[in-house]
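Before any comments, here is the structure.
Throughout, read-outs are computed from the coordinates displayed, never taken from laboratory work. For clarity, every value in this text was computed on a predicted model and none was experimentally measured. FYI the Cβ positions are ideal-geometry reconstructions off the backbone, even for glycines, and counts take in every protein chain you see.
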Amino acid sequence: MIPILVLQLQITFALTVKLLLSSDPCEWTESLRQEFLLIAEGFWSIPIPSISISYNRAIKAKEKVVESLSLVVEERRRAMEEGERKNDVLGAILDEKAGNEHSNEMIVDLLVSLLLAGYETTSSAMTLSVKFLTENPRALSELKEEQDKIRAQKGDDNEPLVWNDYKSMPFTQCVISETLRVSNIVGGIFRRTLSDVQLNGYTIPKGWKIFAALRGPHMNDEYFKDARTFNPWRWQSDAEKTPANVFIPFGGGPRLCPGYELSRVSISVFLHHLVTNYSWEPAEKDKVVFFPFTGTQKRYPIYVKRN
Ligand code: HEM
């Protein structure tokens, strides 16, 4: 029996570290992940060191992560001076003309942000997509048919997916969009008004901080018929009619999530391997909760069987 969220957190972390630093899963990546778990816990604590244990733990974990990643960046700079290049995100940052102008501190800060921002978000969407598919056998069967067709065109079972395969998964994309619409882990985003803003007869004064609740439009029946129902087919007929500022799981404007395509690719590849190789059933009853953040109460444990 596997709590699927736990598995997915491990997969997503390993994938992100691989993309950023070319590191394969090992003791070091696992201890880094444990520190990230503590940092993530600190998000939901009162930020007063004298009274909050989890806040203190998160600060200490962040220091350890920074120390560890600083060594990696230093080491990589040295290797690059000797002409060694790696095809990963850190390599790209250091390769850029501006690479030498970025201090190690700035680069480490960027790596920490990418790991934090991409880790739980994608894992949570993966977990919830499995839950929704389990509860919607017709959607699961349609998605499986799409993925089996792609697998059948491959020479052997281990042949990896390529970009064109990812682009031939229209129904899988509908499932991912619908999962993000119904249960995005990011409930909203902060913005500061740069001028007075008129909205529905109200004035939000210049300089105010506002919280834009992404779930608001996603759950509005005016834009999405029976908005509380998981219905991936709505994206086949309604996608073009949905105004761009209504479906915003990745935010929008200049701060749009830079990982939006990467997370869709990760979820698609995960679903491909899951449905083409395994069947599963829920181990316990579980339900979606929205507080303190979106997820399932019990991390969605399932029994998995290889086909
Ligand atoms: C299902 C997965 C994901 C969801 C739902 C998601 C959602 C979001 C949202 C709503 C924002 C705020 C955008 C705004 O303020 O307008 C954001 C920002 C960000 N995301 Fe994601 N994200 C996901 C995956 C990822 C991944 C895989 C990465 C990178 C590995 C990533 C990196 C970032 C970064 C660095 C920011 C800050 C951008 C900035 O402030 O300029 N995200 N994400």
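For the reader, a short list of remarks on this structure follows.
- Scanning the chain for DSSP H helices at least 15 Å long along the axis (C-alpha atoms) with a Kyte-Doolittle mean no lower than -1.0 picks out 4-21, 27-42, 53-81, 104-135, 170-183, 260-277.
- Summed residue charge, Cβ within 12 Å of residue 300's Cβ, Lys/Arg positive, Asp/Glu negative: +1
- Charged neighbours of residue 206, selected by a Cβ distance under 12 Å, balance to +1 (K, R count +1; D, E count -1).
- Candidate aspartates and glutamates for bridging to residue 86, where Cα separation is under 16 Å - those fewer than 8 sequence places away on the same chain excluded: 24, 74, 75, 95, 96
- At q = 0.18, 0.19, 0.22 Å⁻¹ the log10 of I(q)/I(0) for the stretch 1-118 amounts to -0.96, -1.04, -1.26, computed by Debye summation with a single uniform scatterer per C-alpha, solvent ignored.
- Tensor-based shape of the stretch 202-278 (alpha-carbon gyration tensor, a/c under 1.5 rounded, otherwise prolate or oblate): oblate
- Between amide H atoms placed 1.01 Å from N, distances below 5 Å from residue 302 occur with 2, 4, 283, all of them 5 or more places distant or on a separate chain.
- Dipole of the chain [Lys/Arg +1, Asp/Glu -1 at C-beta], most positive-end residue of 158, 169, 124: 124
- For 260, 223, order by how many other beta-carbon atoms lie within 10 Å, fewest first: 260, 223
- Straight-distance crosslink candidates among lysines, where the alpha carbon sits under 28 Å from residue 209 and sequence neighbours closer than 8 are dropped: 62
- Cubic angstrom per residue, convex hull over Cα atoms of the stretch 2-306: 184
- Computed on the chain, with alpha-carbon pairs under 8 angstrom and 6+ residues apart, the relative contact order is 21 percent.
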